[in-house]
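> Shown below is the structure under consideration.
Every read-out reported here was derived from the displayed coordinates using simple, explicitly stated rules and does not represent laboratory data. Owing to the predicted nature of the structure, the values given are computational and were not obtained by experimental measurement. Cβ coordinates were reconstructed from backbone atoms using ideal geometry, including for glycine residues, and neighbour counts include every protein chain displayed.
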Amino acid sequence: MNKYIEIAKILFDEMDAHMIAGGEKLPTEKAMAERFRTSRETIRKALKNLVQMGRIYSIQGSGYYVRPKGLHMESTLNRYSSITDLISRSNLAEGDLEIQIFKRRPVQEEQVLLQTDKQDWVFIVDRIRAADGEPIVYSQNILLQSIVGDDFPNRFESGSLSRYLEQSHGITISEALMEIKTVSEEDSLPFRLKQSGAPLLKFIQIHYDAKAKPIFLSYDYMRNDLIRFFVRRTRMNGG
């Protein structure tokens, strides 16, 4: 077993045994290197492993902290569900952080995916979705003004966009086409999500109504240390 994996397991077991409490700051890299009689580079690898498992998080300039247990969610990619649904199924409190709504002309990719042209206007809902106050998803939702009306910023407050569309406009989202990508340096992320040091997955989704009309486009950057995704695969006849 690699030394850093062995150290990560020891620390993980100590957290599970409550020898290190949730919210408690871990010792410094130097102190842990002395304890385990290894290099600081090995300690960094062990800490990175624990971050990826969702057991600790980092605060830039401060150090590593134990994440309180309980804030873990699971989702299947086989069926359509909103972020609000995901949070509520986990019995956690939903919230929005740093929400902004602004209007601009659609860029070329948005024109293609939303089947519109550059003469239309789109609203951008830019926000961080939170569960029990912990930021878990950074979302950019892009909607056509021709669908939601020019008073959209005054009518939409927070929460599920799908639910808002159904209640305020009678539009039901029936399905979504999803692409999953890695996060690149070109992706602009809010500091609140960057400082967590958590691994992220980027979801690009086009949301359709029952008539296969594209209603809105979303870019969701989800924390993979807190949200686990599953896909059910079945064998096809002759496969």
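> Please report, in whole Å³, the volume per residue of the convex hull around the C-alpha atoms of region 122-180.
Measuring per residue, one finds 110 Å³ for the Cα hull of region 122-180.
> With springs only between Cα atoms under 10 Å, which of P135, P27, P153 fluctuates most in a Gaussian network model of the chain?
P27
> On a straight-distance basis, which lysines could pair with K9 in a cross-link, Cα separation under 26 angstrom, same-chain partners fewer than 8 positions away excluded?
K25, K30, K45, K48, K69, K194
> Under 24 Å between alpha carbons, and skipping anything fewer than 8 positions from K118 in its own chain: which lysines qualify?
Hits, sequence-local ones excluded: K103, K211, K213.
> If we restrict to alpha carbons, what Rg and Dmax does the chain come to, in Å?
Both quantities, over Cα of the chain: 21.0, 65 Å.
> Here's a follow-up. Is there a quick way to get the dipole size of the chain? I mean about its Cα centre, with the Cβ of Lys and Arg at +1 and of Asp and Glu at -1; what is the value in debye to the nearest 20? Spell out each step's value before the answer.
Numbers: 34 positive and 32 negative charges, 178 e Å.
Dipole about the Cα centre, nearest 20: 860 debye.
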